[in-house]
Amino acid sequence: MSHLKDVLESGKFAVTAEISPPKSASCETIRKKAAMLKDCVDAVNLTDNQTAIVRISSFASSLACLQEGVEPILQMTCRDRNRIAMQSDVLGASAFGIHNVMCLSGDHQSFGNQKEAKNVYDVDSIQQLMIFNKMRLEGQVWGGDELKEKPELFLGAAANPFADPFEFRVQRLAKKIAAGADFIQTQAVFDIERFREFMSSVCDRGLDKKVHILAGVMPLKSYNMAEHMKNNVSGITLPDGMISRMKSAADPKEEGLAICNETIEEIKKIKGVHGVHIMAISWESVVPRIIEDADLRD
Amino acid sequence: MIIAERKPISEIISIIGNNKKILIAGCRSCASVCMAGGDREVATLSEALGLYSDLNSLGWEISEISKERQCEKEWAREIAEEASSADVILSLGCGVGVQFIQEVSGIPVFPGLNTSNMGGPEEQGIYLEKCGGCGDCTLHLTGGICPIARCSKSMLNGPCGGSQNGKCEINPDTQCAWDAIYQNLKRLNCLEMLSEIIPPKNWIPSRSGGPRKIIRKEMVLSEDEKKIKEGLE
Ligand code: SF4
Ligand code: SF4
C-alpha cells in the first residue's frame with residue numbers, strides 16, 4: 001500500500017522531499033514539481049497550510065501528486081481540524097490511495113495570514129496518532145463505532161531535536177511511537193552535534209528499532225535566508241560558523257548546497273537514521289542534484 | 001478570579017451613542033482586584049466621560065454606583081433599582097455581571113469592560129490566565145500548571161517543536177507552558193509522569209458541550225421552600 005513503508009521496512013535508506021502547495025486554485029505547479037521529483041524520491045510531503053498561510057489543501061495536492069505517479073505524504077495539522085474532520089479526512093485519503101499521513105500540531109495561526117482565526121486543538125499530534133492507529137488496527141473510529149472498511153495508513157510524526165527542553169525531546173518521540181508513529185521526519189538539521197547527541201539517546205533507548213527516522217535537511221539559498229532561519233523560524237538552530245560561511249560565500253547557492261551535502265554525509269554515518277527528508281522550500285528543482293551529489297540513489 | 005480590562009474610552013463613547021443619562025456600575029470583587037471596574041475606576045471613567053461631554057456640549061448626566069458583586073441576582077437588582085432614572089447602565093463588571101443586571105433591568109446595560117479569562121495577578125499590574133474552565137481538571141497530571149489555558153495550542157502531551165529557551169513560539173514574551181510543566185515536575189521529582197500519554201480529552205464538560213449548568217440537588221429549594229424564603233424576605 002505504501003511504497004515508503006516498503007522502502008523503510010526493507011532497510012534501504014529512504015529519501016523524501018517536500019512540496020509546498022501554492023496559493024492557488026490550480027494544481028499545475030504541484031504537477032510540475034512532482035514530475036521533477038518523480039524518479040529520485042520515495043515520497044513527497046504536501047504541507048498543510050504551513051505557517052498558517054492559506055494554500056490549496058494538502059489533500060488536493062496529494063491527489064495531484066499521486067496522479068503524477070509520485071507517492072504523497074499527506075500532512076495534517078491539529079490546528080484546523082477537530083477529531084471529526086480528521087477521521088473523515090483520513091478515510092477519504094485512504095480511499096483515494098493516499099496512505100502516508102503525517103500528524104502534526106501545526107504552526108500557530110498567529111504566524112500566518114489569518115491571524116484572527118480561532119484555532120481548534122481538539123487533540124494534539126500524539127492523540128491524533130492514537131486515533132488513526134485505532135482506526136487502522138481495530139477498524140473503529142475513536143469512541144468505538146465500527147467502520148465498514150479500515151483505512152490503510154502509514155503514520156508519520158515530527159521530531160524536533162533542536163527545541164527545548166532538550167532532555168524531554170527523546171521522551172516525546174517515545175510517546176509518539178507508543179501512540180502509533182511508523183516513521184519520523186525531523187526538523188532540519190544544521191547543528192549536527194546536537195543531532196548526534198539526540199540520536200545517541202534515541203538509540204540508547206532502542207527507539208531506532210521501533211520507528212524509522214528520517215533526518216531533515218534544508219539547502220540554504222542565501223545569507224539572508226540563513227539569518228531568517230536562525231532568528232525567525234521557531235525550533236531551528238543554526239551554528240554561527242555556517243552563517244558566516246553563507247555570508248562570505250562568492251556563490252551563496254553553491255555554498256548552501258555544499259553545506260547541505262556535508263550535512264547529509266554526516267547524517268549517513270549516524271546510527272539509527274533511516275533516511276533523509278529534503279526540505280527545499282520554493283527550490284524543489286534542486287532536489288535531484290542534492291540527491292545525486294550525496295549519492296543517495298543506487 | 002475573573003480578569004478583565006476596561007474598553008478604550010473611544011469604544012465606550014461609541015457604545016453610549018445618543019444616550020444621555022448614564023449610570024456607571026462598578027464591581028468590588030474581581031473587577032476591582034484587577035483594577036478594571038472597582039470604585040476607583042468607576043470614578044476615573046465618570047470623570048473622563050464628564051469631560052468629554054462638557055467639551056462636546058453633550059449634556060450627559062453621569063452617576064455612579066458600586067456593589068460587592070454584580071454576578072449575583074441580589075446585588076444586580078440593587079444596581080437596577082438605582083438606575084430607574086437613567087437611560088443606560090454602563091457596567092464595569094465582568095460579562096456575567098452585565099448579564100445579571102440586564103436580566104433585572106428595564107433599561108439597556110452595556111459592557112464597559114472586556115472580560116478576558118480566569119487567572120490572577122502575577123505581580124502588580126500583570127495578570128496571567130491560569131484556567132480554561134474545561135470542566136474536567138487534570139492539573140494533577142501536569143505539575144499544577146494548566147496546558148489548556150497556558151499552552152498556545154492546548155497540547156496535552158508535551159511541548160511542540162516551537163518551544164525554545166522556555167519561551168513559546170508565538171511570542172518571546174510568552175512563557176512556554178510545557179517548559180514550565182517540565183521544570184516544575186523536575187523540581188517535584190515527578191518527571192516520570194510525562195511518559196504517560198494523556199488520551200484525547202472529553203470536551204463535553206467544557207464549553208463544547210453547550211452552556212454549562214451545575215445543579216447541586218441537595219441545595220436546590222423546593223417550590224414550598226422558595227415561598228417560605230420569599231415570605232421571610
Ligand atoms: S485542567 Fe481544566 S479545570 Fe483544570 S486548570 Fe486547566 S482548564 Fe482549568
Ligand atoms: S511553544 Fe510551548 S506553549 Fe507554545 S504552543 Fe508550543 S508547547 Fe505550547
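The values are calculated or read from the model by the stated rules, or taken from the named source; none is laboratory data. None of the values given here were measured: they were computed from a predicted structure. Every residue, glycine as well, gets a Cβ built from its backbone with ideal geometry; the counts of neighbours run over all protein chains shown.
Going by what's in this entry, would B:LYS201 be described as more than 19 Å from A:VAL233 (Cβ to Cβ), basic (Lys, Arg) and facing chain A (nearest Cβ under 8 Å)? Taking the combined requirement at face value, the residue satisfies it. The number of residues in region B:181-192 that are more than 32 Å from the chain's Cα centre (by Cα) and within 12 Å of another protein chain (Cβ to nearest Cβ) comes to 3.
Name the residue that is surrounded by the fewest Cβ atoms within 10 Å (Cβ to Cβ), counting only residues in region B:132-160 that are β-branched (Val, Ile, Thr) and touching a strand residue (DSSP E or B) at 6+ places or on another chain (Cβ under 9 Å). For region B:132-160, the residue satisfying everything is B:ILE145.
Given the options B:ILE126, B:ILE89, B:ILE101, name the one that is over 13 Å from the mean Cα position of the chain (by Cα) and under 30 Å from B:GLN175 (Cα atoms). Only one candidate passes the filter, namely B:ILE126.
Is there a residue in region B:207-223 that is within 9 Å of another protein chain (Cβ to nearest Cβ), within 16 Å of ligand 1 (Cβ to nearest atom), under 22 Å from A:ASN160 (Cβ atoms) and surrounded by 11 or more Cβ atoms within 10 Å (Cβ to Cβ)? No: zero hits.
Kindly check whether there is at least one residue in region A:54-72 that is touching a Phe, Trp or Tyr at 6+ places or on another chain (Cβ under 9 Å), in contact (Cβ under 8 Å) with a residue 40 or more places away in the chain and buried (at least 17 other Cβ atoms within 10 Å of the Cβ). Checked against the condition, which is being touching a Phe, Trp or Tyr at 6+ places or on another chain (Cβ under 9 Å), in contact (Cβ under 8 Å) with a residue 40 or more places away in the chain and buried (at least 17 other Cβ atoms within 10 Å of the Cβ), region A:54-72 yields no hits at all. When A:ILE56 is tested against (1) part of a loop (DSSP other than H, G, I, E, B); (2) away from chain B (no Cβ under 11 Å); (3) within 17 Å of the chain's Cα centre (by Cα), just one condition goes unmet, and that condition is (3).
The set of residues in region A:151-168 that are within 29 Å of A:GLU138 (Cα to Cα) and more than 9 Å from chain B (Cβ to nearest Cβ) comprises A:PRO151, A:GLU152, A:LEU153, A:PHE154, A:LEU155, A:GLY156, A:ALA157. Being farther than 26 Å from A:VAL233 by Cβ, within 13 Å of chain A (Cβ to nearest Cβ) and assigned to a loop (DSSP other than H, G, I, E, B) is the filter here, so list the residues in region B:139-160 that pass it. Once the filter is applied, which keeps residues that are farther than 26 Å from A:VAL233 by Cβ, within 13 Å of chain A (Cβ to nearest Cβ) and assigned to a loop (DSSP other than H, G, I, E, B), region B:139-160 yields B:THR142, B:GLY143. For the residues B:GLN102, B:GLN70, the requirement of being touching a strand residue (DSSP E or B) at 6+ places or on another chain (Cβ under 9 Å) and closer than 25 Å to B:LEU128 by Cα singles out B:GLN70. Counting only strands (runs of 3 or more DSSP E) that sit wholly inside region A:71-163, those with at least 1 residues that are among the polar types (S, T, N, Q) are A:72-77, A:100-104. Here A:ILE278 fits the description: away from chain B (no Cβ under 14 Å), surrounded by 16 or more Cβ atoms within 10 Å (Cβ to Cβ), touching an Asp or Glu at 6+ places or on another chain (Cβ under 8 Å) and modelled with pLDDT of 95 or more. One residue stands out among those in region B:102-129 that are within 16 Å of ligand 2 (Cβ to nearest atom) and either more than 20 Å from B:CYS27 (Cβ to Cβ) or of a type in the set (S, T, N, Q) (or both): the one that is nearest to the other protein chains (Cβ to nearest Cβ), which is B:ASN117.
Of all residues in region A:169-184, those that are hydrophobic (A, V, I, L, M, F, W, C) and more than 8 Å from chain B (Cβ to nearest Cβ) total 6. In region A:157-168, is there at least one residue being touching a residue at least 12 places away in the same chain (Cβ under 8 Å), more than 16 Å from ligand 2 (Cβ to nearest atom) and out of contact with any helix residue (DSSP H, G or I) (no Cβ under 7 Å at 6 or more places or on another chain)? Looking for residues that are touching a residue at least 12 places away in the same chain (Cβ under 8 Å), more than 16 Å from ligand 2 (Cβ to nearest atom) and out of contact with any helix residue (DSSP H, G or I) (no Cβ under 7 Å at 6 or more places or on another chain), one finds none in region A:157-168, hence no. Quick check: is even one residue across region B:85-92 more than 16 Å from ligand 2 (Cβ to nearest atom), surrounded by 17 or more Cβ atoms within 10 Å (Cβ to Cβ), over 26 Å from A:LEU129 (Cα atoms) and modelled with pLDDT under 95? Taking every residue of region B:85-92 in turn, none turns out to be more than 16 Å from ligand 2 (Cβ to nearest atom), surrounded by 17 or more Cβ atoms within 10 Å (Cβ to Cβ), over 26 Å from A:LEU129 (Cα atoms) and modelled with pLDDT under 95. For region B:167-203, a residue qualifies if it is within 23 Å of A:MET130 (Cα to Cα) and more than 14 Å from ligand 1 (Cβ to nearest atom), and the qualifying residues are B:TYR182, B:LEU191, B:GLU192, B:MET193, B:LEU194, B:SER195, B:GLU196, B:ILE197, B:PRO199, B:PRO200. The number of residues in region B:161-204 being part of a helix (DSSP H, G or I), touching a Leu at 6+ places or on another chain (Cβ under 8 Å) and either surrounded by fewer than 20 Cβ atoms within 10 Å (Cβ to Cβ) or at positive phi (or both) comes to 2.
Residue count for region B:128-166, restricted to those that are away from ligand 1 (no atom under 16 Å from the Cβ) and among the hydroxyl-bearing types (Ser, Thr, Tyr): 1.
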